[in-house]
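Everything on this sheet refers to the single structure shown next.
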Amino acid sequence: MKFSLMKGIGEAYIVSAIGGLLFYLLHFPIPWILGPMTFMIVYKAITHRKLVVSTRAYNGGLATLGIYFGLSFTRDTFITVYPYIIPFLITTILLLTVSVINSIYVTRFIKIDPMTSVFGSIPGGLSEMVAASHSLRANSAMVTIFQTVRLLTVVFLVPFIVTHLFLADAERVLDVTKEMSNGPAYAYLWFGLAVVAGWLLQNKLPAAYVIGPLAVTALLGVLGVSLPSIPPWFLIIAQITVGLRMGNNINLRDLKIGGKYCGVYLVLTMLLVVVSFGFGYLFAIFTDLDLPTAMLSLAPGGIVEMVLTATAIGADPAVVSSLQLIRLLFIIIVVPSFLKWMFTRKAKVAA
């Protein structure tokens, strides 16, 4: 590896580690992701540089977090989640409907076409929504900008709100790394299967390096395989790696291109977060899920951030993982096709 490349990677980790440590000392939620992410964005804005981030290290960080989430699964998790799938999907559809209606409504007042507006605000994967918008000839550049605004808003807003609402009342903060037995060193070889699963699914599923390891680890645990814990220091490095990659991919100059419209989609995202919390409250009332778990399961955020937040406040990370995974797959598989049908039908009617 060239010295300049090693220097760039080292610089990125130093900046990110400082950010993570500062957020940790300030008791911010999910500090080892939000800290590196924030410091990378600010550092790039000041220095006008894009630092080097290893794709393999990033995928390894995601796989580590997927394994960590999978360790929280038990047989009871699947029994617990099963009755909620249908009502959860119905609630998710209602939440998506609110998002679509709001994003179309605002186009009456701003010079953005409805298709671009919908793809820019729908709570799905950024890359998947950009790809889908491109196939329908929407403004993919603007979709990227608006999805970035949505991502930043949700990633920072939801953990802060939920942590301050529920952390003081949490009777037990789950720490999977302490609950698992250490076991022999060769037991870590089981995690190799989890990483391979992520690699095999990388071109077939969104967030494959999280979903694959999570699913394999959960399955091994349910089958009774004795799995070791993940060392806390290794988990911190994984989070720093994920956070610095996320920050490195966000460019403040791109947000400036969106100009005043970024504020519109910021408001739309905040409104969607409030609506999702409302649905989460209703979901908790009509089921036996506790309120933090229900709210984080329905929050329009990334699976990594929501599950880490659930772990921090004593919610059930396994249930949040399961329901967030169902939401993600539903949005990625169903929503683009539905929106394509909707806008194609609308165009034919207009013609």
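Each value in this text was obtained by applying a stated rule to the coordinates, not by laboratory testing. Computed from a predicted structure; not experimentally measured. Heads up, the Cβs are rebuilt from the backbone with ideal geometry, glycines too, and the neighbour counts pull from every protein chain shown.
Mean projected area of the Cα convex hull of segment 52-152, taken over all directions, amounts to 9.1 nm². If you build a Gaussian network model of the chain, linking Cα atoms that sit under 10 Å apart, which residue out of GLN147, GLN324, GLN202 swings the most? Of the options given, GLN202 has the highest mean-square fluctuation. Rounded to the nearest 500, the helix-only mean residue ellipticity at 222 nm of the chain stands at -24500 deg cm²/dmol, with each DSSP H run of n ≥ 4 adding -39,500 (n - 2.57). Our summary gives segment 1-158 a relative contact order of 14 percent, counting only alpha carbon pairs under 8 angstrom and 6 or more residues apart.
Using a Gaussian network model of the chain in which every pair of alpha carbons under 10 angstrom is joined by a spring, one finds that among SER337, SER321, SER121 the greatest mean-square fluctuation is at SER337.
Taking the Cα centre of the chain as origin and assigning +1 to Lys and Arg Cβ atoms and -1 to Asp and Glu Cβ atoms, the resulting dipole is close to 1620 debye. Here each label is just a point 7 Å from Cα along the line to Cβ, and for LEU189 and ARG75 those points are 2.7 nm apart.
Between PHE234 and HIS164, what length in nm is gained on full extension when 0.36 nm per residue of separation is reduced by their alpha carbon distance? Display every interim value, and only then the final one.
Numbers: separation 70, 0.36 × 70 = 25.20 nm, distance 2.68 nm.
Full-extension gain reported as 22.5 nm.
Measuring nothing but how far apart in sequence close Cα pairs (under 8 Å, 6+ apart) lie, relative to its length, the chain scores a relative contact order of 28 percent. Among the DSSP helices (H) of the chain, those spanning at least 20 angstrom by Cα along their long axis with an average Kyte-Doolittle hydropathy of 1.6 or more are 85-105, 140-166, 208-222, 261-286; this is a geometric and hydropathy rule only.
For each pair in LYS44/LYS256; LYS111/LYS340; LYS44/LYS340; LYS256/LYS346; LYS204/LYS340, compute the distance between the two Cα atoms and list the pairs where it is over 26 Å.
Those over the limit are LYS44/LYS340; LYS256/LYS346.
Compute a Gaussian network model of the chain, connecting alpha carbons closer than 10 Å, and tell me which residue from ILE303, ILE110, ILE240 fluctuates the most. With Cα springs under 10 Å in the chain, the top fluctuation among ILE303, ILE110, ILE240 is at ILE110.
Backbone N atoms of segment 190-234 closer than 13 Å to the 7 Å Cα→Cβ label point of ILE85 are not found in any residue.
This structure gives mean projected area of the Cα convex hull in nm², computed directly, and of [x] 18.7; [y] 29.8; [z] 23.1 that value is listed as [x].
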